[in-house]
1. Once the piece of chain linking R102 and F69 is laid out straight, how much longer is it, given 0.36 nm per residue of separation minus the C-alpha distance between them?
2. Stretch A149-Y304 to full length: gain in nm at 0.36 nm per residue minus the Cα-Cα span?
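Rule-based calculations on the coordinates, nothing more; no lab input. Only a predicted model underlies this, so the values are computations on that prediction, with no experimental measurement involved.
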Amino acid sequence: MQHLIELIEQYGLSFVFLNVLIAQTGLPVPAVPTLIVAGALLAHANYSLVQVLAAAVTASLLADLAWFFAGARFGRPVLRTLCRISLSADSCVRQTESIYSRWGPASLLVAKFIPGFSAVATAMAGLIGTRWRVFTLFDSLGALLWAGAAVALGAIFSDAVRDILDVLETLGKAGLLVIAGGFATAILLKLRQRRRFYRQLRMDRITVDELRTLLDEGRAPSVLDVRAISSQQRDGRIPGATAVDSRNLHQAILAIEPAGEVVVYCACPNEASAALIAKQLIQLGFSRVRPLQGGIDAWIAAGYVVDR
C-alpha cells in the first residue's frame, strides 16, 4: 500500500491516467481505489483536484471512444469480446441494450456506477448508431460524475483513508496479501458465476436448420424473441416469432401450451438471454424448451428470411 501511495505521489496524474485507462478497457482492474487514495492525498499532493479529474476523464473517454468506434465498425463480435475480457455474465448484453434503448445516451451519465454496464454500453452506443458527438458529451459527463464521486469520497474521508493505509502498511506483507486476496476473491466469484451460467447452457439447443425444417413441415414450435425492441426493429424477427419482454414473462406465455415445444432466441453471446429465459420457462412447467443455437445472427447468416 505504501508503494501505491508512493506511485501516486511520485507519478500522480500519470498513474491515475494509466489505471483508469486500463480499467475502462474492460479489464478486471479496479480504478476507484486509486481515485479515492488520490483524493485523500490532495492536500499534500503536487496535483490539483481539476488535474486529477481531467486525467481520469480523459483516460476514460479515450478507452470508451475506442469501444464506441469498434462497436460501430464491427458490431456484435465486439460485445462478445467485452464479455470475455470483463468476466461479466454474457446476459449483460441484453440488459445493457434494454437500458440503453429506454434511456438513450443519458444512461451513460450513470453507466460507470452500474457493474457490468459501462463497457458494454459504450460499444452498444456505437452499434446502434449514436452520434459520436452526443456520445462524447454524455460519456464525458458520466466519467466526470464517476471520478468526481470517488475523488470526493477520498477527500472527505481522508483521515479514515489514511488510517486504513497506515494499518495496511503496518501489516506489511500481510496487508499486501489482504489486498491481493480481495482481488483474487472478486475474480474467482466472477469465474464461478460464469461457470454456473455455462451450466445453464448445457440444455439441448436447436440449430437454425432444424428450426427451418420444422417451419417448412408445418410443425412449427412456439418461437419467442427475447431481444430488445430496438434489435427486433433493426434486424427483424424470425417469421412467426413472438416478442417477449422478460420482465413480463408470465403474461407473455399465457397463450402457449406448456406441453408444446418452445424455441427461444436472442442475439447475445452464447445465447445468454435465451438460455436464461428457457430456464425460467422450465421452472414454470414448460417441458420442451430449447434455445436457438447462434440466435438471430445464425438465422440471418444461413440466408433465411426475417419479418420486419
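1. Numbers: separation 33, 0.36 × 33 = 11.88 nm, distance 2.14 nm.
So the extension gain works out to 9.7 nm.
2. On the way: separation 155, 0.36 × 155 = 55.80 nm, distance 4.94 nm.
So the chain would gain 50.9 nm between A149 and Y304.
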